[in-house]
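Structure, as structure tokens:
The values are calculated or read from the model by the stated rules, or taken from the named source; none is laboratory data. Computed from a predicted structure; not experimentally measured. Here Cβ is always computed from backbone atoms with ideal geometry, including for glycine, and neighbour counts include all displayed protein chains.
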Ligand code: ADP
Ligand code: ZN
């Protein structure tokens, strides 16, 4: 009798268990560890991944089902990638099946979606591909010295992490390119991670100039079929440079020698739902597993990364000045409290004048506001009632483009209300300032403005982002107004003025990282000005002008900011001086959520006794209801990740015995941001 083969399969379900299936003999030839398979599961059919095969009959298991089909792509994970996904699963306490699913483009596992017009599948537009091999500029001294260190690490091999701390415009990208060249020359490949898809256009072009057809991108704006193609081409070695966002950290490059994480401090590297990994940290781990070089770059490194430099774990490369002796932009802070408040204007006198002058000189302006829509809340003037989302504990935002009220958390939308649901009044105040209101104001104030607005709403359509970018670069537009999409990475030499409409949205967040975020945001945004021959200027409007992180950002002095912030963290016991795990319970019945949160909290506190781990909470989430679910959370804080994890596992085991109702959802966030 021929031996039966069994496969252990990880399924993308929120459970840590794997499942055993038998392998029909016809599949034996093309089923491998790492293969994607289709299996029956509780009346459904699911896509999973083979994590182990064996011909031993698993004892005590009855009713083993058969695998339905096997993907023809073979193993989607080599041993190293598999190890990496296992580490992610283990460290972030996420089911392996979910990690594996996050690591491959959907279409490799799923059946191809039908109805996609193949002609839509675009090659890079000609203006991206057109440029030929550029002559390389001469490196500055700090660039050259930094590159030498990196090159010798690439030559000798072995795991090494560099932090390139370079002010905006100091030529970090140029170092990346030369390091990638070195990796490719020795027969290897390189992975470049970017915090945001919107940046890939510009970086892609710079890399194409140097590496032509060997460059491929991987991000969510691509069609499934394109993503799949690039992914497979990376695997065969046809593409040797992959540029991508978060999930590209799992790209299956052949002979990977170098990983670059640009703007390593960005929170977008952290995945919002399970598996809640931080791609920067996974990148470092991947480099460690492979024994290769990793470059982290930033003008405003995260405190965690900089602390690793101070501890001697990472090697620091500093680029303290802009190239070609360009000076950093000067930053002016406008106190909106006194004279400006009475006027109730969006643009202070200074901001208005500066914009007018820049436009008159035929230069370009970037304006930043971190809020979508027209006004963040709508209030009835009869009774004071604020229109809220029916599913979330947040006010609805008015969008003038579509005359709708929208929830930015769950996507709920409705036509604007004519009468207050509370008092039937019909006069509303459209309160606060968001990007569409600024847009209207610009149209009123600056008659020679040619405005490009860049936010989620104007870039939803495929290609829209590229078109806005192109129009601004070609100077068809002279003002780029945008949300955080416009703060990072952009390199437009004709931009001489950057205006921050309000620095305060960031500062008001209830988070121990809010001053770090403010410093980063303002420094980044200031970095968009004066990148060409003409000097740049930045105007920042705020109601909180004395805030230390604002003052440090004005001076663009990272060292000063770091010293002040790190001592505060130390005093308060926050990362990098501690580790955190956040646990959230959510459900539709508030009492149940509260009751079980308290139960879990008590169990954790009991277990924590004498271990040095603190259990903070349970307490309601700042947005206490989201998508109809009430949310409570508990934060674990302690000196080591292992301790926190062990404690959490014990605590969970304890209450699991008391049967958790399936209507409750438990989420675990390791290293929350
Ligand atoms: P960063 O990423 O540090 O903000 P970039 O790498 O984008 O800076 O460099 C800013 C600009 O300076 C780019 O236009 C780049 O081509 C140019 N540049 C980089 N290195 C040099 C150099 N050594 N000499 C002249 N120009 C340079
Ligand atoms: Zn909502």
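Checking residue 348 against (1) modelled with pLDDT under 95; (2) within 16 Å of ligand 2 (Cβ to nearest atom), which single condition isn't satisfied?
Unmet condition: (2).
For region 384-394, which residues satisfy the criterion of being within 10 Å of ligand 2 (Cβ to nearest atom), without any contact (Cβ under 8 Å) to a residue 24 or more places away in the chain and touching a strand residue (DSSP E or B) at 6+ places or on another chain (Cβ under 7 Å)?
Once the filter is applied, which keeps residues that are within 10 Å of ligand 2 (Cβ to nearest atom), without any contact (Cβ under 8 Å) to a residue 24 or more places away in the chain and touching a strand residue (DSSP E or B) at 6+ places or on another chain (Cβ under 7 Å), region 384-394 yields only 388.
Please find, among 105, 142, the residue that is modelled with pLDDT of 90 or more and surrounded by 18 or more Cβ atoms within 10 Å (Cβ to Cβ).
142
Select, from 467, 546, 473, the only residue that is within 15 Å of ligand 1 (Cβ to nearest atom), free of Cβ contacts under 8 Å to residues at least 60 places away in the same chain, surrounded by fewer than 23 Cβ atoms within 10 Å (Cβ to Cβ) and farther than 18 Å from residue 329 by Cα.
Testing whether each residue is within 15 Å of ligand 1 (Cβ to nearest atom), free of Cβ contacts under 8 Å to residues at least 60 places away in the same chain, surrounded by fewer than 23 Cβ atoms within 10 Å (Cβ to Cβ) and farther than 18 Å from residue 329 by Cα leaves just 473.
Name, by its number, the condition in (1) more than 24 Å from residue 441 (Cα to Cα); (2) away from ligand 2 (no atom under 14 Å from the Cβ); (3) surrounded by fewer than 18 Cβ atoms within 10 Å (Cβ to Cβ); (4) touching a residue at least 12 places away in the same chain (Cβ under 8 Å) that does not hold for residue 418.
For residue 418, the exception is condition (4).
Just checking, does region 424-432 include any residue being within 30 Å of residue 531 (Cβ to Cβ), away from ligand 1 (no atom under 16 Å from the Cβ) and surrounded by fewer than 16 Cβ atoms within 10 Å (Cβ to Cβ)?
Within region 424-432 (the criterion being within 30 Å of residue 531 (Cβ to Cβ), away from ligand 1 (no atom under 16 Å from the Cβ) and surrounded by fewer than 16 Cβ atoms within 10 Å (Cβ to Cβ)), the answer is no, since none of the residues qualifies.
Restricting to region 149-170, count the residues that are more than 23 Å from the chain's Cα centre (by Cα) and within 10 Å of ligand 1 (Cβ to nearest atom).
Counting residues in region 149-170 that are more than 23 Å from the chain's Cα centre (by Cα) and within 10 Å of ligand 1 (Cβ to nearest atom) gives 1.
Only one of (1) without any contact (Cβ under 8 Å) to a residue 60 or more places away in the chain; (2) crowded, with 16+ Cβ neighbours inside 10 Å; (3) not in a helix (DSSP H, G or I) is not met by residue 552, so which one is it?
So the condition that residue 552 fails would be (3).
Taking region 590-618, which residues are surrounded by fewer than 21 Cβ atoms within 10 Å (Cβ to Cβ), at pLDDT 95 or above and outside any helix (DSSP H, G or I)?
Across region 590-618, the qualifying residues are 614, 616.
Residues are listed down the side, and each one gets a yes or a no for (1) assigned to a loop (DSSP other than H, G, I, E, B); (2) out of contact with any helix residue (DSSP H, G or I) (no Cβ under 9 Å at 6 or more places or on another chain); (3) within 24 Å of residue 641 (Cα to Cα):
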site: 34; (1), (2), (3): yes, no, no
site: 37; (1), (2), (3): no, no, no
site: 49; (1), (2), (3): no, no, no
site: 75; (1), (2), (3): yes, no, no
site: 81; (1), (2), (3): no, no, yes
site: 94; (1), (2), (3): yes, no, yes
site: 97; (1), (2), (3): no, no, yes
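Does region 410-418 contain at least one residue that is away from ligand 1 (no atom under 16 Å from the Cβ) and in contact with a helix residue (DSSP H, G or I) (Cβ under 6 Å, 6 or more places away or on another chain)?
no
In region 484-511, which residue that is in contact with a strand residue (DSSP E or B) (Cβ under 7 Å, 6 or more places away or on another chain) and more than 22 Å from residue 172 (Cβ to Cβ) is modelled with the lowest pLDDT?
510
Run residue 461 past the list (1) within 16 Å of ligand 2 (Cβ to nearest atom); (2) without any contact (Cβ under 8 Å) to a residue 40 or more places away in the chain and report the number of the one that doesn't hold.
(1)
Is it true that some residue in region 271-291 is surrounded by fewer than 24 Cβ atoms within 10 Å (Cβ to Cβ), modelled with pLDDT of 95 or more and within 16 Å of ligand 1 (Cβ to nearest atom)?
no
Say whether the condition of being in contact (Cβ under 8 Å) with a residue 40 or more places away in the chain, in a helix (DSSP H, G or I) and touching a strand residue (DSSP E or B) at 6+ places or on another chain (Cβ under 6 Å) is met by at least one residue in region 252-269.
yes
Across region 440-487, what is the total count of residues that are under 22 Å from residue 203 (Cβ atoms) and in a helix (DSSP H, G or I)?
Of the residues in that region, 13 qualify.
Go through region 492-516 and give me each residue that's surrounded by fewer than 17 Cβ atoms within 10 Å (Cβ to Cβ) and closer than 25 Å to residue 532 by Cβ.
493
Can you tell me which of 183, 179 is part of a helix (DSSP H, G or I) and more than 16 Å from ligand 1 (Cβ to nearest atom)?
183
If I filter region 395-412 down to residues being more than 9 Å from ligand 2 (Cβ to nearest atom) and part of a strand (DSSP E or B), which single residue comes out as surrounded by the fewest Cβ atoms within 10 Å (Cβ to Cβ)?
404
How about region 307-383: which strands (runs of 3 or more DSSP E) wholly inside it have at least 2 residues that are under 23 Å from residue 435 (Cα atoms)?
330-335, 364-368, 377-380
Does at least one position in region 23-31 carry a residue that is touching a strand residue (DSSP E or B) at 6+ places or on another chain (Cβ under 7 Å), surrounded by 18 or more Cβ atoms within 10 Å (Cβ to Cβ) and part of a strand (DSSP E or B)?
Yes, because at least one residue in region 23-31 is touching a strand residue (DSSP E or B) at 6+ places or on another chain (Cβ under 7 Å), surrounded by 18 or more Cβ atoms within 10 Å (Cβ to Cβ) and part of a strand (DSSP E or B).
So that you can scan it fast, the table gives a plain yes or no per residue for (1) buried (at least 21 other Cβ atoms within 10 Å of the Cβ); (2) more than 25 Å from residue 318 (Cα to Cα):
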| site | (1), (2) |
| --- | --- |
| 151 | no, no |
| 157 | no, no |
| 197 | no, yes |
| 202 | no, no |
| 205 | no, yes |
| 248 | yes, yes |
| 260 | yes, no |
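Only one of (1) within 16 Å of ligand 2 (Cβ to nearest atom); (2) within 29 Å of residue 477 (Cβ to Cβ); (3) under 25 Å from the mean Cα position of the chain (by Cα) fails for residue 436. Which number is that?
(1)
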